[in-house]
1. Taking the condition under 25 Å from K103 (Cα atoms), of a type outside the set (D, E), modelled with pLDDT of 90 or more and not in a helix (DSSP H, G or I), does R62 pass?
2. Please verify whether segment 19-40 includes one or more residues that are more than 26 Å from the chain's Cα centre (by Cα), surrounded by 12 or more Cβ atoms within 10 Å (Cβ to Cβ), without any contact (Cβ under 8 Å) to a residue 12 or more places away in the chain and not in a loop (DSSP other than H, G, I, E, B).
3. Mind counting the residues in segment 65-99 that are part of a strand (DSSP E or B) and of a type in the set (D, E, K, R)?
4. Can we say K103 is part of a strand (DSSP E or B), under 19 Å from Q124 (Cβ atoms) and of a type in the set (D, E, K, R)?
5. Quick check on segment 94-110. Is at least one of its residues surrounded by 13 or more Cβ atoms within 10 Å (Cβ to Cβ) and among the basic types (K, R)?
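The values are calculated or read from the model by the stated rules, or taken from the named source; none is laboratory data. Bear in mind that the values here come from a model prediction, so they are computed numbers and not experimental data. As a convention, Cβ positions derive from the backbone with ideal geometry for all residues, glycine included, and neighbour counts pool all protein chains shown.
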Amino acid sequence: MSEIAGLRKTALADDRGFTLLEVVIALAIISGVIVTVLTTLNYHLEVTDRIESMATATILAREKVEDINLNGLPAKKEGDFAPGFPGFRWQYYTEDLPIPGIKKVYLTVTWGGNNKVVIETYKQT
């Protein structure tokens, strides 16, 4: 009978599941993977937002340059694109060239603090 009791104890000892150390190590590995995935996702969302804003600013700048080419230089040298695009502002300045009747126009669209897109064009005066 003592042999049966000994076998029963051995069988129970082998079938006890995961130790606390194994569970802690598995949770640490899973936590590391989750933190890495969330950090990468956050970085890519910021990059996507930055690229979208830059594309919007570039389109707005090209649209304003076309407006200048069609209607001439506006009386105001700066303005905004509200209400359609709040936060985006434009300004321009001109530079005289050695060629009579031609000016170089610099159009800058700014948004979000230090972000800007600059487009240069030429305008006959």
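1. Values: under 25 Å from K103 (Cα atoms): yes; of a type outside the set (D, E): yes; modelled with pLDDT of 90 or more: yes; not in a helix (DSSP H, G or I): no.
Taking the combined requirement at face value, the residue does not satisfy it.
2. Of all residues in segment 19-40, those more than 26 Å from the chain's Cα centre (by Cα) come to 19-30.
Next, from what is left, pick out any that are surrounded by 12 or more Cβ atoms within 10 Å (Cβ to Cβ): 25.
If we keep only those that are without any contact (Cβ under 8 Å) to a residue 12 or more places away in the chain too, we end up with 25.
Applying the additional criterion that residues be not in a loop (DSSP other than H, G, I, E, B) yields 25.
Within segment 19-40, one or more residues are more than 26 Å from the chain's Cα centre (by Cα), surrounded by 12 or more Cβ atoms within 10 Å (Cβ to Cβ), without any contact (Cβ under 8 Å) to a residue 12 or more places away in the chain and not in a loop (DSSP other than H, G, I, E, B).
3. First, the residues of segment 65-99 that are part of a strand (DSSP E or B): 78-81, 85-96.
Add one more test, that the residue is of a type in the set (D, E, K, R), and what stays is 78, 80, 89, 95-96.
Of the residues in that region, 5 qualify.
4. Details: part of a strand (DSSP E or B): yes; under 19 Å from Q124 (Cβ atoms): yes; of a type in the set (D, E, K, R): yes.
Against the criterion (part of a strand (DSSP E or B), under 19 Å from Q124 (Cβ atoms) and of a type in the set (D, E, K, R)), K103 qualifies.
5. Yes, because at least one residue in segment 94-110 is surrounded by 13 or more Cβ atoms within 10 Å (Cβ to Cβ) and among the basic types (K, R).
One line per residue, one yes/no per condition, for (1) charged (D, E, K, R); (2) on the phi > 0 side of the Ramachandran plot; (3) modelled with pLDDT of 95 or more; (4) surrounded by 16 or more Cβ atoms within 10 Å (Cβ to Cβ):
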| position | (1), (2), (3), (4) |
| --- | --- |
| E66 | yes, no, no, no |
| N71 | no, no, no, no |
| A82 | no, no, no, no |
| G113 | no, yes, no, no |
